[in-house]
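Working notes, structure below.
The values are calculated or read from the model by the stated rules, or taken from the named source; none is laboratory data. Only a predicted model underlies this, so the values are computations on that prediction, with no experimental measurement involved. All Cβ positions, glycine included, derive from the backbone under ideal geometry; neighbour counts span all protein chains shown.
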Amino acid sequence: MIEVTVAYPAGQGRTFNMDYYLKTHIPLFKKRMDAAMKTIRVSRGIGGSTPRSPAAFVAMVHATFDSAEVFASSVRSATETERSAGSLAEEFVRCRCKDSERR
């Protein structure tokens, strides 16, 4: 079993819409990874390593797979699917732009 973690750094001037992320990006990731992904959880940064210090990350996503090979195969499969249906990166960018327009 392996865990793949994606961390979103915190920082001055950076924004992160957790509600949008949970409702849009996580379902998209689940769809792309299909049954290969065993679990997924999202952590929200609430504080740093010392009292009253800010969190280093606004959010982290942790997904588990049976092996690195299974994860790599899922990514390859999702990439091939996206090449025929359009770019996953472009879809994320479009979603992010729509999110920015809402603010």
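For the stretch 36-67, give me each residue that is assigned to a strand (DSSP E or B) and either hydrophobic (A, V, I, L, M, F, W, C) or more than 23 Å from residue 16 (Cα to Cα) (or both).
37, 38, 40, 42, 57, 58, 59, 60, 61, 63, 64, 65
Within the stretch 17-39, can you find the residues that are surrounded by 15 or more Cβ atoms within 10 Å (Cβ to Cβ) and touching a strand residue (DSSP E or B) at 6+ places or on another chain (Cβ under 8 Å)?
Hits for the stretch 17-39 are 21, 26, 29, 33, 36, 37.
Inspect all residues belonging to the stretch 89-97 and state whether any of them is at pLDDT 90 or above, surrounded by fewer than 12 Cβ atoms within 10 Å (Cβ to Cβ), in a helix (DSSP H, G or I) and not hydrophobic (A, V, I, L, M, F, W, C).
Let us first name the residues in the stretch 89-97 that are at pLDDT 90 or above, namely none.
Within the stretch 89-97, none of the residues are at pLDDT 90 or above, surrounded by fewer than 12 Cβ atoms within 10 Å (Cβ to Cβ), in a helix (DSSP H, G or I) and not hydrophobic (A, V, I, L, M, F, W, C).
Go through the stretch 6-35 and give me each residue that's outside any loop (DSSP other than H, G, I, E, B) and under 15 Å from residue 55 (Cβ atoms). Don't jump to the end; show me each part of the working.
Narrowing the stretch 6-35 to residues outside any loop (DSSP other than H, G, I, E, B): 6-9, 18-35.
7, 8, 9, 18, listed by residue number.
Could you figure out which of (1) more than 16 Å from residue 5 (Cα to Cα); (2) under 15 Å from the mean Cα position of the chain (by Cα); (3) surrounded by fewer than 17 Cβ atoms within 10 Å (Cβ to Cβ) isn't true of residue 51?
(2)
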